[in-house]
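First up is the structure itself, then whatever we jot down about it.
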Amino acid sequence: MKYVDDYRDPDLGRRLAAAIAAATRPATRYNFMEFCGGHTHAIARHGLEDLLPDAVRLIHGPGCPVCVLPVGRLDMALSLARDHRVILCTYGDMMRVPGSGGDSLLRARTDGADVRMVYSTLDALAVARDAPDREVVFFAIGFETTTPPTALAIRHAAETELTNFSVFCNHVLTPPAVLHILDGPGAPGADAVPLDGFIGPAHVSTVIGSGAYEPFAEAHRKPVAIAGFEPLDILQAVLMLVRQVNDGRFEVENQYIRAVARDGNRKARALVAEIMTPRETFEWRGLGAIPRSALRPRDGFARWDAERRFDLGDLMGRDHPACDCGAILRGLKEPPDCRLFGAACTPDTPLGACMVSAEGACAAHWSYGRFRHPRHREARRAL
Amino acid sequence: MRSSLGPPLNLASGRVEMAHGAGGRAMAQLIDELFLAAFDNAWLAQGNDQARLTVPPGRLALATDTFVVTPRVFPGGDIGSMAVHGTINDVAMSGARPLYLTAGFVIEDGLPLGDLKATVDSMAAAARAAGVAVVCGDTKVVERGQCDGLYINTTGLGVIEDERLNISGDRARPGDAILLSGTLGDHGMAVMSKRENLTFDTPIVSDSAALHDLVAAMVTAVPDIRVLRDPTRGGLAATLNELARQSRVGMLLTESALPIRPEVRGACELLGLDPLNVANEGKLVAICPPEAAETLLNVMKGHPLGLDSAIIGEAVADPDRFVQMQTALGGRRIVDWLAGQPLPRIC
């Protein structure tokens, strides 16, 4: 597989790992957060932590849009799905995610709701065209990567006066979340793990560009290395960050130059700006409310905004009180530190944000890495 | 005989109707002209409600499976050939020689008779090629909406003639070698590529095949094979986790040894699926003592259905029964059961 195998070459991987080990300094710790769930998944799936020296620790950040969507928003989608007028279209990612009381879109479908899995917003538009007597709602989620296709669908619906189509918009923004982790309420204090650098998202950065990270790298004196999703990409980014820490630099370096430009994708950003506007605040599962961290359709497109078209109320789902996701997402705790991990909370029965999607920190750790933690083994034996 | 049942079935444009399952003349006609014509053997020709069988000496192996697949026709096979191959394979994974099959059909009112005939002909061809007779059967017609076109159940009976064979999922021991008979994920990705809503063009073809002939060659050469299993639903990952639990061992795989076609890997990357979780219909996993592994591998590679066989790992002592894998890059990870059903990821 061209462009994939090249970035999984075992020999190059070993050489990069050796270079990282050689670059680390004896008394220095290197705590790097990979923001993006795609990276979390790749790190676990390829066993990359085994290749890194003990001094380097990877902290799995909140960059999985499925994970950070609060239960209340999912409950709103479920209430839409159970409205008999509605056909709810969404990506496969959302089908299993549990709402309040363990309800999910798959379960709603079993109960007779018309929930359809689509592969693009164009499919959802086609469903709306084919069913003019039904209300077709596209349940939109994702970071900056999946936002432009949603914006395009709204623009297309407006241009073609497709009045039975609307979007339940849950698109969220990366930079505000990174800033929130660094200086929001509950940010790492004296007892917290200091973050020494960030591995920047791959696909998100193709849209927002490497320049989007420059202000906070400078203000917070944190190095950033934007990386692709393949194992060699990630290892090379770690090496870049180790060298930045050693040199006392805090620059935005771009490892993923084959896809990311400094300006990102201007056309896509212009499209999103034309159709959408930031919400004053938005609730993130595990992190709480973050100002201007999500988007909604502009007032001119209110007809295609499901939140204004339907009376969804403000459903307030709550997470399990023992869930440690917030601390895990900040790097204060590791998945096995949570009392629920592997006991009540598993990928088959997810309770917390980090277990919900395969890209969440807890799901990745459970599915790929749980042999690493003897503590978990002892706990299981004791049960 | 035909005159008493009226004009022949209209296979070009006719449809299955409720009457075809109601026990009257229409049902008799459907059985005569479609099922008996296709399967054509002495047991069915007797027209009894049961088949009387003579079986050679040895232990009997019995397996049943019900087949539900959308779409019913996919590159490399259809629900008919799959219903034959799947049950033959379940019987053969004991080391048995499959002898007979039964077939039960649940048909939705309105299914084109031509579609039914194509499926039954495909079953008959697959059974004939495998040297196994379909000796009794049943049809039911259900109202529209109560099933999705056509479901098929097959039951297979086979005989284990070699007394030395003791093949069972609980017999893997630490140190045993784990072998796989070929590439992973071909069936699942072939079906997925043809599913509605998913229009990507790939030359991926299902591996659906009857494996009893390969098994016969394997058990002849290495009678002390401990475990055989075909990694169907849930893929290799589910099968190995089942076996690890049954045998109370762990397993350690080598990622670089896993045979996977580039086009299957590409399609899996695109959809966010792991080829280890994707279904196969013509592959088997064999576990044998380490000293027999090379012999077994050579026998497998010498068979047309085992050309891409490989030793993919070993059983290890592990109280947690983890199936682990050495990644190509030198890391380690768990190979877990799939959580829920495999759903493509977009974001």
* Residue check: is residue B:323 in contact with a Pro (Cβ under 7 Å, 6 or more places away or on another chain), at pLDDT 95 or above and β-branched (Val, Ile, Thr)? -> no
So is residue A:250 of a type in the set (Phe, Trp, Tyr), within 22 Å of residue A:177 (Cα to Cα) and surrounded by fewer than 20 Cβ atoms within 10 Å (Cβ to Cβ) or not?
yes
Note to self: Considering only the range A:59-74, I want to know if a residue exists there that is under 20 Å from residue A:239 (Cα atoms) and surrounded by fewer than 24 Cβ atoms within 10 Å (Cβ to Cβ).
What the structure shows: yes
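Quick one: which residue in A:115, A:86 is in contact with a Lys or Arg (Cβ under 9 Å, 6 or more places away or on another chain), closer than 30 Å to residue A:292 by Cβ and among the β-branched types (Val, Ile, Thr)?
Testing whether each residue is in contact with a Lys or Arg (Cβ under 9 Å, 6 or more places away or on another chain), closer than 30 Å to residue A:292 by Cβ and among the β-branched types (Val, Ile, Thr) leaves just A:86.
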Note on the range B:151-170: residues surrounded by fewer than 19 Cβ atoms within 10 Å (Cβ to Cβ) and over 19 Å from the mean Cα position of the chain (by Cα) are B:161, B:162, B:163, B:164, B:165, B:166, B:170
Picked from the range B:277-319 (must be surrounded by fewer than 16 Cβ atoms within 10 Å (Cβ to Cβ) and not in a helix (DSSP H, G or I)), the residue farthest from the other protein chains (Cβ to nearest Cβ) is B:302
Considering residues that are at pLDDT below 90 and among the β-branched types (Val, Ile, Thr), the number found within the range A:51-67 is 1
**OP:** Assess whether residue A:285 counts as being closer than 23 Å to residue A:93 by Cβ, more than 14 Å from chain B (Cβ to nearest Cβ) and among the basic types (Lys, Arg).
**Re:** yes
When residue B:331 is run through (1) buried (at least 17 other Cβ atoms within 10 Å of the Cβ); (2) small (Gly, Ala, Ser); (3) more than 8 Å from every other protein chain (Cβ to nearest Cβ), the failure sits at (3)
Only unsatisfied item for residue A:26, checking (1) over 16 Å from the mean Cα position of the chain (by Cα); (2) buried (at least 23 other Cβ atoms within 10 Å of the Cβ); (3) more than 25 Å from residue A:150 (Cα to Cα), is (2)
Apart from one, (1) within 14 Å of chain B (Cβ to nearest Cβ); (2) more than 18 Å from residue A:309 (Cβ to Cβ); (3) out of contact with any Ser or Thr (no Cβ under 8 Å at 6 or more places or on another chain) all hold for residue A:125; the odd one out is (2)
- Selection status of residue B:123, surrounded by 20 or more Cβ atoms within 10 Å (Cβ to Cβ), under 25 Å from residue B:53 (Cα atoms) and either touching a Lys or Arg at 6+ places or on another chain (Cβ under 7 Å) or not assigned by TED's automatic domain parsing to the domain that holds residue B:35 (or both): no
Among residues of the range A:136-169 being away from chain B (no Cβ under 12 Å) and part of a loop (DSSP other than H, G, I, E, B), the residue surrounded by the fewest Cβ atoms within 10 Å (Cβ to Cβ) is A:161
Among (1) surrounded by 14 or more Cβ atoms within 10 Å (Cβ to Cβ); (2) not in a strand (DSSP E or B), residue B:66 falls short only on (2)
Residue A:133 passes all but one of the listed conditions (1) more than 9 Å from every other protein chain (Cβ to nearest Cβ); (2) under 30 Å from residue A:238 (Cα atoms); (3) at pLDDT 95 or above; the exception is number (2)
Checklist entry - Condition test on residue A:78, is it more than 14 Å from chain B (Cβ to nearest Cβ), of a type in the set (A, V, I, L, M) and part of a helix (DSSP H, G or I)? => result yes
Of the listed residues (A:103, A:83), the one being at pLDDT 90 or above and more than 14 Å from every other protein chain (Cβ to nearest Cβ) is A:83
Condition check for residue B:193: part of a helix (DSSP H, G or I), within 14 Å of another protein chain (Cβ to nearest Cβ), under 23 Å from residue A:10 (Cα atoms) and not hydrophobic (A, V, I, L, M, F, W, C)
no
For the range A:20-38, the count of residues that are away from every other protein chain (no Cβ under 14 Å) and either in a helix (DSSP H, G or I) or not polar (S, T, N, Q) (or both) equals 11
Going through (1) within 16 Å of residue B:335 (Cα to Cα); (2) in contact with a Pro (Cβ under 9 Å, 6 or more places away or on another chain); (3) modelled with pLDDT of 95 or more; (4) of a type outside the set (Lys, Arg) one by one, residue B:254 fails only at (2)
Those residues of the range B:320-341 which are assigned to a loop (DSSP other than H, G, I, E, B) and of a type in the set (D, E, K, R) amount to B:320, B:321, B:336
The correct count of residues that are aliphatic (A, V, I, L, M) and part of a loop (DSSP other than H, G, I, E, B) in the range B:221-276 is 6
The number of residues in the range A:39-70 that are part of a loop (DSSP other than H, G, I, E, B), farther than 18 Å from residue A:325 by Cα and within 11 Å of chain B (Cβ to nearest Cβ) is 3
message = Is it the case, given these coordinates, that residue A:93 is without any contact (Cβ under 8 Å) to a residue 12 or more places away in the chain, within 13 Å of another protein chain (Cβ to nearest Cβ) and either crowded, with 24+ Cβ neighbours inside 10 Å or on the phi < 0 side of the Ramachandran plot (or both)?
response = no
Taking the range A:1-19 and the residues there that are of a type in the set (D, E, K, R) and more than 30 Å from residue A:68 (Cα to Cα), the one that is farthest from the other protein chains (Cβ to nearest Cβ) would be A:6
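The values are calculated or read from the model by the stated rules, or taken from the named source; none is laboratory data. Note that the coordinates shown come from a computational prediction; the quantities given were computed from them, not determined experimentally. Every residue, glycine among them, receives a Cβ derived from its backbone with ideal geometry; neighbour counts consider all protein chains shown.
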